[in-house]
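None of the figures in this text is laboratory data; all of them are computed from the coordinates on show. Since this is a predicted model, take the numbers as computed values, not measurements. All Cβ positions, glycine included, derive from the backbone under ideal geometry; neighbour counts span all protein chains shown.
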Amino acid sequence: MIRCKAAVLWKPGAPLAIEEIEVAPPKKKEVRIKIVATGICGTDIKDMDTDVLSQFCPIIMGHEAVGIVESVGEEVSTVRTGDKVIFLCIPQCGECNTCLNSKNNMCAEIRHSAVHLISEDSSRITCKGKLMHQYFALGTLSEYTVINEISVAKVDDAAPLEKVSIIGCGFATGYGAAINSAKVTPGSTCAVFGLGGVGLSVIIGCKAAGAARIIGVDINKDKFAKARTVGATYCVDPRDLEKPIEEFLFDMLNGGADFCFEVTGNTETVATALGSCHKDHGVCVIVGSIGFCSPISISSELFISRRTLKASVLGGWKTKEEIPKLVSDYMAQKFNLDPVITHTLTLSEVNEAVQLMKSGQCIRCVLLP
Ligand code: APR
Ligand code: ZN
Ligand code: ZN
């Protein structure tokens with residue numbers, strides 16, 4: 001049994017409480033990990049304040065992290081004690097219909113994430129005698145945790161862990177949306193709606209794919225400087241324009257952008273992003289989560305020519321296989337994600353990190369437990 005600290009949400013809307021937890025040894029096909037660095041993602045922040053987690057409290061938040069394997073349960077074959085590893089927001093079991101099909105990455109075992117437990121009814125973690133839920137069946141805002149082997153992958157031994165934690169969610173989501181989902185082409189034009197950590201990662205992907213022009217769109221102008229640093233060629237606040245952003249981009253990009261990305265997390269911007277796509281062949285990608293079961297209102301007129309609207313979850317990566325390759329690509333300097341991390345704090349400063357994110361001052365904050 002390991003006793004350590006974790007950030008616990010006892011009820012929605014409450015601040016996170018740093019608590020002592022007990023982490024039992026891993027069982028069959030489970031892995032106990034010492035967390036070395038963990039990011040806070042827009043999804044953590046959004047869910048903490050709504051009722052979606054009320055039936056899962058108390059819960060350890062966090063799902064974007066890297067660490068070192070402390071011990072493994074029986075029948076674990078893909079990681080060993082001492083390995084550097086990255087947490088996978090979507091598992092890859094390798095056996096379900098989705099895993100056996102090259103077209104998608106939503107492994108059927110993601111059902112555990114929906115109940116925020118590593119199996120139907122249990123976790124290895126307790127606090128004050130209560131069973132702890134783990135956000136997305138991970139719960140990385142903690143010093144130690146136990147997760148399923150299918151939710152973790154070994155990375156390069158030399159990986160600089162404090163720099164690559166955001167690859168597990170925010171970076172993979174944005175970068176993959178450009179590379180895998182949109183399949184951005186060299187010389188193309190792109191428009192990215194929302195310049196948070198995920199939006200910046202979309203820009204990095206568009207740039208890596210050879211886009212000629214990348215327009216960053218946000219209602220917070222403080223985000224523009226960073227967006228330019230990572231590759232935006234022009235930034236605009238739609239509220240400063242005299243005409244709708246769709247018309248502005250239509251004129252600027254000769255019929256609209258070849259590729260548009262909705263990365264604000266709002267349903268309302270989906271129609272705007274789709275309407276900003278090139279009228280004949282534009283592709284619009286909804287990146288990450290825009291809430292569950294939310295209706296999206298889109299005029300059918302937008303589809304009369306040949307616009308395409310698609311969605312992308314975790315960048316479409318087959319996680320266990322491909323996320324470690326992103327870590328290696330970062331080490332090989334195929335892209336630079338350092339500008340996306342604007343703050344580094346400790347786990348005990350987690351509520352300050354949440355406030356920094358909410359205030360819009362921070363793109364990504366990494367916590368070093
Ligand atoms: N138009 C343009 N930009 C907007 C709008 C809007 N109507 N509304 C919000 N934004 C901007 C915000 O100002 C912010 O810069 O979108 C950005 C969102 O960034 P973050 O909140 O930091 O979120 P991030 O972590 O990047 O994730 C983006 O994708 O996967 C989802 O749940 C995730 O909602 C989150 C979104
Ligand atoms: Zn996330
Ligand atoms: Zn699977």
(message) Which of the numbered conditions does residue 64 fail, given that it passes all the others? Conditions: (1) among the charged types (D, E, K, R); (2) under 22 Å from residue 43 (Cβ atoms); (3) surrounded by fewer than 23 Cβ atoms within 10 Å (Cβ to Cβ).
(response) (3)
(request) Tally the residues that are among the polar types (S, T, N, Q), surrounded by 20 or more Cβ atoms within 10 Å (Cβ to Cβ), away from ligand 3 (no atom under 16 Å from the Cβ) and outside any loop (DSSP other than H, G, I, E, B), restricting the search to region 108-157. (result) 3
(message) Please count how many residues of region 285-302 are touching a residue at least 12 places away in the same chain (Cβ under 8 Å) and assigned to a loop (DSSP other than H, G, I, E, B).
(response) 11
(message) Take residue 247 and tell me if it is away from ligand 1 (no atom under 13 Å from the Cβ) and in a loop (DSSP other than H, G, I, E, B).
(response) no
(request) Spot the failing condition for residue 260; the list is (1) more than 20 Å from the chain's Cα centre (by Cα); (2) crowded, with 23+ Cβ neighbours inside 10 Å, and only one is missed. (result) (1)
(request) Test residue 180 against the stated conditions and say whether it is within 13 Å of ligand 1 (Cβ to nearest atom) and either touching a helix residue (DSSP H, G or I) at 6+ places or on another chain (Cβ under 9 Å) or over 30 Å from residue 142 (Cβ atoms) (or both). (result) no
(request) Check 103, 46 and return the single one that is among the basic types (Lys, Arg) and either more than 17 Å from the chain's Cα centre (by Cα) or more than 16 Å from ligand 2 (Cβ to nearest atom) (or both). (result) 103
(message) If I ask for residues that are over 21 Å from residue 52 (Cβ atoms) and assigned to a loop (DSSP other than H, G, I, E, B), which ones from region 250-284 would you list?
(response) 253, 254, 255, 256, 258, 276, 278, 279, 280, 281, 282
(request) Please indicate, with yes or no, whether at least one residue in region 196-204 is over 16 Å from residue 311 (Cβ atoms), part of a helix (DSSP H, G or I) and either more than 19 Å from the chain's Cα centre (by Cα) or within 16 Å of ligand 3 (Cβ to nearest atom) (or both). (result) no
(message) Can you find, within region 78-105, the residue that is surrounded by the fewest Cβ atoms within 10 Å (Cβ to Cβ) among those that are away from ligand 3 (no atom under 13 Å from the Cβ) and among the β-branched types (Val, Ile, Thr)?
(response) 81
(message) So for region 92-100 (the condition being acidic (Asp, Glu), more than 16 Å from residue 53 (Cα to Cα) and in contact with a helix residue (DSSP H, G or I) (Cβ under 8 Å, 6 or more places away or on another chain)), does at least one residue qualify?
(response) no
